[in-house]
Amino acid sequence: MESDTSWIVAAIVAAEVAFWIVLAAGLSARYLLRWRRVSTVLLVGVPVVDLALIAFVALDLSHGNTPTTAHGLAAVYLGFSVGFGHYVISKADGWFAFRFAGAPRAPKVPRSGPARVRHEWRDWSRALVAWAVAVVALLTMKAFSGWSVPSSMEELWSTDELWSWVARLTLINIVWFVTGPVYASLFRASPSNEPDPERRVHAVREH
């Protein structure tokens, strides 16, 4: 059965819009209105939007609809939200704190040195979490729509929408690993003249 993917695309867009609205509302409540409890409730509620999206997609597939690119995008969106959501929220929180609460501006990551290497490994660890969550979601969707294992490379990379997403995301994760933390560890690990941003933050907090 063919699936009407228009509502899935609309749901992904709505989830993205809702994420930023809830995030902005939560940070505004914390820094502008000083409603810390309300802010905490709003920020904790951010992942609920993602869970609702994946539940709707799984329900759609359970009705026998054919998996499409839109279903894969929903899984990718969920993975990104879980892997990078906390980081995005932290960056936004830091900006609000700087803009409205007198906190120091977040320092830039050095181009080289141990701080750069740590940054690359942390970034890739987020990408790894995003990959793992997206793959689990894709395989769950595959189970709902009728489990099967690709019998050829063509089916893996192009014919089967869900398995092709798994293959592409895995390739992206491997390339990120090589060009990110591995490259930084081999060629950017030498000490830099730039100050370590983590030490700067700790120094500001101590004063």
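Laboratory data are not the source of any read-out in this text; all were calculated from the coordinates shown. Quantities reported herein were computed from a predicted structural model and do not represent experimental measurements. Cβ sites come from the backbone with ideal geometry, for glycine too, and all protein chains shown count toward neighbours.
GNM on the chain, alpha-carbon springs under 10 angstrom: the most fluctuating residue among VAL175, VAL135, VAL109 is VAL175. Which entry in (i) 11.7; (ii) 11.1; (iii) 14.0 is this structure's computed mean projected area of the Cα convex hull in nm²? Correct label, based on the coordinates given: (iii). The gain in end-to-end length when the SER148 to ALA14 segment is fully stretched comes to 45.1 nm, 0.36 nm per residue minus the alpha carbon separation.
Scanning the chain for DSSP H helices at least 27 Å long along the axis (C-alpha atoms) with a Kyte-Doolittle mean no lower than 0.0 picks out 6-31, 69-100, 114-145. Enumerate the residues in the stretch 78-92 having an amide nitrogen under 20 Å from the point lying 7 Å beyond the Cα of TRP7 toward its Cβ. Counting backbone N atoms under 20 Å from the label point, the list is 78. Projecting the Cα atoms of VAL88, VAL13, VAL149 onto the charge dipole of the stretch 6-206, computed from C-beta unit charges around the Cα centre, puts VAL88 farthest toward the positive end.
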